[in-house]
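The values are calculated or read from the model by the stated rules, or taken from the named source; none is laboratory data. Quick caveat, the model's predicted, so the values are computed rather than measured. Virtual Cβ from ideal backbone geometry, glycine too; neighbours counted across all protein chains shown.
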Amino acid sequence: MQSVKSFRDWKFIMLKNANIGNGRHAIKGRDVQFDFSDTNPHWLKDDPFSSHFVNSFHLVLPPGERYFCRVFAQALPLITDNELREDVKGFIHQEAIHSRQHTSAQIYLESNGYNYEHFNSKLDWVLEQVFGDSPFGMNYLKNRYTKDIWLTCRVGFIATMEHFTGFLGQWGLDNESWDKNGDATIVDLFKWHLAEEVEHRTVAFDLFEHLCTTKLGFYVSRQAQMVVVAPLFIHFIFDAFRVLVKQDEDRSMQKLGAKHILHLLAELEKVGKRTQNVPTFSFFVRETLRWVNPFFHPLHEGDTQQALDYLAQSPAAIAAADSCMK
Ligand SMILES: [Fe+2]
Ligand SMILES: [Fe+2]
């Protein structure tokens, strides 16, 4: 039996147990392309609510993932571990492609009559002004003493966001209803993206831990980050959802655009239980609370082999691999 002397040893054994070879899995972007010309924004059969709930991620993800890439590129010179540096580069590559593909999905929504410009500029403003290079947008706090601390805080903000993309990623891999009810192109777009989220789920967390100077500081700050990130995440997803449903031709969808967030969360719970097309709100709460555990590590939160199995049969990932061979 192998002895476990450190967290790194334990992680190595866990990765081996996850059947991904010698414990070192290189994270690489897959240069996928999608053609949405035959896709209807109501891409889940008879379920406009779930279609728009998932479509709202097309609006939220591109600005968010571009922000992840910028912050992680700034953090690269601070990384002293070669393997982690390679993982971070792979993470940046994957997130850049995710952002690009959801931007092309935004264009297909636009071509179907949905306008989202105001939402995009609002989210860009929050990310660039509040969480940009100056702490909370206050230029007088930006100096050489605060530079690395604020950068570490922003990495923590991303690590916390990646908890959401990680558990949603595993939910997407386990989901079967999309294959039965959904448009094949959109299903592949989300499943390819969610599989890569599961594949790189440990990177942001490991980077945040690497940059934090004490274990206690790491634990306390990641809890504090969640207090900020969870409400922001819910707010922006439902803000995007409202933008989309208000422009839907269906009157019952338009009415949802004026509903309070509590009503929409109750609806998410109901629709998720009935259709399995969206995760329920209680699932979000349960998964978010796992973050509180002092022994939490994203390694336990997903199945890497399942993600790689999906990526091995994803039509877009196969086409991307084929075009690399040519
Ligand atoms: Fe992503
Ligand atoms: Fe990610």
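Residues in the stretch 79-106 that are closer than 21 Å to Trp150 by Cα and either free of Cβ contacts under 8 Å to residues at least 12 places away in the same chain or away from ligand 1 (no atom under 16 Å from the Cβ) (or both): Ile79, Thr80, Asp81, Leu84, Arg85. Scanning the stretch 105-128 for residues that are modelled with pLDDT under 95, crowded, with 17+ Cβ neighbours inside 10 Å and outside any helix (DSSP H, G or I) returns a single hit, Tyr116.
The rows are residues; the columns are (1) within 16 Å of ligand 1 (Cβ to nearest atom); (2) within 12 Å of His98 (Cβ to Cβ); (3) in a helix (DSSP H, G or I).
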position	(1), (2), (3)
Asp38	no, no, no
His42	no, no, no
Glu65	yes, yes, yes
Pro77	no, no, yes
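Across the stretch 172-189, the qualifying residues are those that are crowded, with 23+ Cβ neighbours inside 10 Å and of a type in the set (A, V, I, L, M, F, W, C), and the one among them that is farthest from ligand 2 (Cβ to nearest atom) is Ile186.
In this entry, Phe218 passes the filter for residues that are more than 14 Å from ligand 2 (Cβ to nearest atom), under 19 Å from Ile79 (Cα atoms), in a helix (DSSP H, G or I) and of a type in the set (Phe, Trp, Tyr).
Contact annotation: residue pairs with Cβ atoms under 8 Å, 6 or more positions apart or on different chains, pairing a residue in the stretch 181-195 that is over 15 Å from Ser51 (Cα atoms) with a partner that is within 16 Å of ligand 2 (Cβ to nearest atom) and in a loop (DSSP other than H, G, I, E, B), are Trp192/Arg30; Trp192/Val32.
Look at (1) within 16 Å of ligand 1 (Cβ to nearest atom); (2) closer than 20 Å to Val60 by Cα; (3) among the acidic types (Asp, Glu) and you find that Asp124 fails only one, number (1).
Here Thr165, Thr185, Thr160 are screened, and the one residue that is assigned to a helix (DSSP H, G or I), of a type in the set (Ser, Thr, Tyr) and touching a Ser or Thr at 6+ places or on another chain (Cβ under 9 Å) is Thr185.
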